[in-house]
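Notes follow the structure.
The values are calculated or read from the model by the stated rules, or taken from the named source; none is laboratory data. As the structure is a computational prediction, the values presented were derived from the model and not from experiment. Note that we place each Cβ from the backbone using ideal geometry, even for glycine, and neighbour counts take in every protein chain shown. Just the protein is used for accessible areas: all its heavy atoms, side chains included, with ligands, DNA and RNA removed. Shrake-Rupley method; radii C 1.70, N 1.55, O 1.52, S 1.80 Å.
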Amino acid sequence: MNPHTKIEIQDVWEAKKRMQTMIKPTPLIASPKLSDKINASVYLKLENLHEIGSFKVRGASNKIVSLTEEEKSHGVTTFSTGNHGLAVAYIAKRLGIRAVICISNRVPVGKVNAIQQIGAEVERVGDSQDDAEERCYQLEKEQGLTVIKPFDDPHIIAGQGTMGLEIIEEVPRIDTVIVPLSGGGLFSGVALALKSYNPSIQLIGVSMENAAVMSESLKADRPVILPEQNTLADSLLGGIGLNNQYTFPLVKEYLDDLILLTEEEIATGMGFMLNQHKLVVEGAAATGVAAILSGKLKTHGKHVATIITGNNIDLTAFTSIFQKQLYKSSRQ
Ligand SMILES: *Cc1c(COP(=O)(O)O)cnc(C)c1O
């Protein structure tokens, strides 16, 4: 890693301070059922309870607040239509900064409406994510907007890392943390916070079997591209960037184990969250719980936490998944 761009624990503390007025700490609750299952204390970090339903507000706020006044006056842009896009729109709105979210014409109108409702401008371009991304960099050149990357950025990573500080504060003896893993901004930040505090804390990543880009990139020892497949954990889709600078090296350094889940296992995790905790969460957010329920979590300590990363799921989709779960459990 370039020594000049190394991210350190101080950056996470600075992020915490910078974000203080924007982001409230989220609850960490015990899960008695999961605790019984693996004979350890299991905790759930409820990042689904942020106002816009995901932890992505942490990174987005740390990044956008850090911009210079000059940069802020020109506005920000991004091409994510998922939780990152919502987070950028939301934080920009709160700070009174212009936000332009570039979205391909293939993206369903529901997602476009959600972003517009927050108050961001939407620019519809082309037919692919790549077209939308290209437009962002064009806006940067032409109008001076700052592109807010979804994960491969030191401020984003440090912002996500602040939830690691909150976990330590609540459970100082924490020894195992299971983290949903896609581009790795979340994993890198949380791992940095926890490993700086106690290097023996186990950091376990979890993704879906369908198109686990980080997993394949680690095997190849360089970022690879995979075709996207349908998955319940849609927030974990997407590449890690062929020119990845930060999250790939950090994940490589800190990952102790990586668990890959089937769609069935993810659905079971979602059903568990509603049944046991009365929480509607999206597929990506249920992967940590699913890793425990599946029996695939082989090594862990006595104090285990997993991050419930978000709740952005269409209720119709959720209901049909949950009904299948109910049917399955009634037959057992
Ligand atoms: C973005 C996201 C993740 C994964 O975060 P990365 O930093 O890309 O690894 C997990 N869960 C949800 C709900 C997300 O929106």
Practice item. Report, ordered by the first and then the second residue, all pairs with beta carbons closer than 6 Å, sequence separation of six or more or different chains, a first member in segment 72-88 that is within 11 Å of the ligand (Cβ to nearest atom), and a second member that is of a type in the set (Lys, Arg). Key: Asn83/Lys56; His84/Lys56; Ala87/Lys56
Check your understanding: Can you pull out the residues in segment 17-36 that are part of a helix (DSSP H, G or I) and surrounded by 13 or more Cβ atoms within 10 Å (Cβ to Cβ)?
Key -> Arg18, Met19, Lys33, Leu34, Ser35
Practice item. Identify the residue in segment 201-223 that is more than 16 Å from the ligand (Cβ to nearest atom) and in contact with an Asp or Glu (Cβ under 7 Å, 6 or more places away or on another chain) and, among all such residues, is farthest from Ala285 (Cα to Cα). Key: Ile201
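May I ask you to list the residues in segment 154-179 that are outside any helix (DSSP H, G or I) and more than 17 Å from the chain's Cα centre (by Cα)? Don't jump to the end; show me each part of the working.
Residues of segment 154-179 outside any helix (DSSP H, G or I): 171-179.
Val171, Pro172, Arg173, Ile174, Asp175, Thr176, listed by residue number.
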Check your understanding: For residues in segment 60-113 being charged (D, E, K, R) and part of a helix (DSSP H, G or I), which is surrounded by the most Cβ atoms within 10 Å (Cβ to Cβ)?
Key -> Lys63
Review point. Taking Ser182 and the conditions (1) in a loop (DSSP other than H, G, I, E, B); (2) free of Cβ contacts under 8 Å to residues at least 40 places away in the same chain; (3) open to solvent by less than 60 Å² (accessible area, probe 1.4 Å), which numbered condition does it fall short on, given that it satisfies the others?
Key: (2)
Point to revise | The one condition in (1) of a type in the set (A, V, I, L, M); (2) open to solvent by less than 10 Å² (accessible area, probe 1.4 Å); (3) away from the ligand (no atom under 15 Å from the Cβ) that Met273 fails to fulfil | key: (3)
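Could you please find all residues in segment 114-130 being more than 15 Å from the ligand (Cβ to nearest atom), open to solvent by 70 Å² or more (accessible area, probe 1.4 Å) and either under 21 Å from the mean Cα position of the chain (by Cα) or charged (D, E, K, R) (or both)?
Quick first cut of segment 114-130, residues more than 15 Å from the ligand (Cβ to nearest atom) only: 116-128, 130.
Then keep just the ones that are open to solvent by 70 Å² or more (accessible area, probe 1.4 Å); that gives 116-117, 121, 124, 127, 130.
Across segment 114-130, the qualifying residues are Glu121, Arg124, Asp127, Asp130.
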Point to revise | Those residues of segment 313-332 which are open to solvent by less than 100 Å² (accessible area, probe 1.4 Å) and either part of a helix (DSSP H, G or I) or farther than 11 Å from Leu232 by Cβ (or both), in sequence order | key: Asp314, Ala317, Phe318, Thr319, Ser320, Ile321, Phe322, Gln325, Leu326, Lys328, Ser329, Ser330
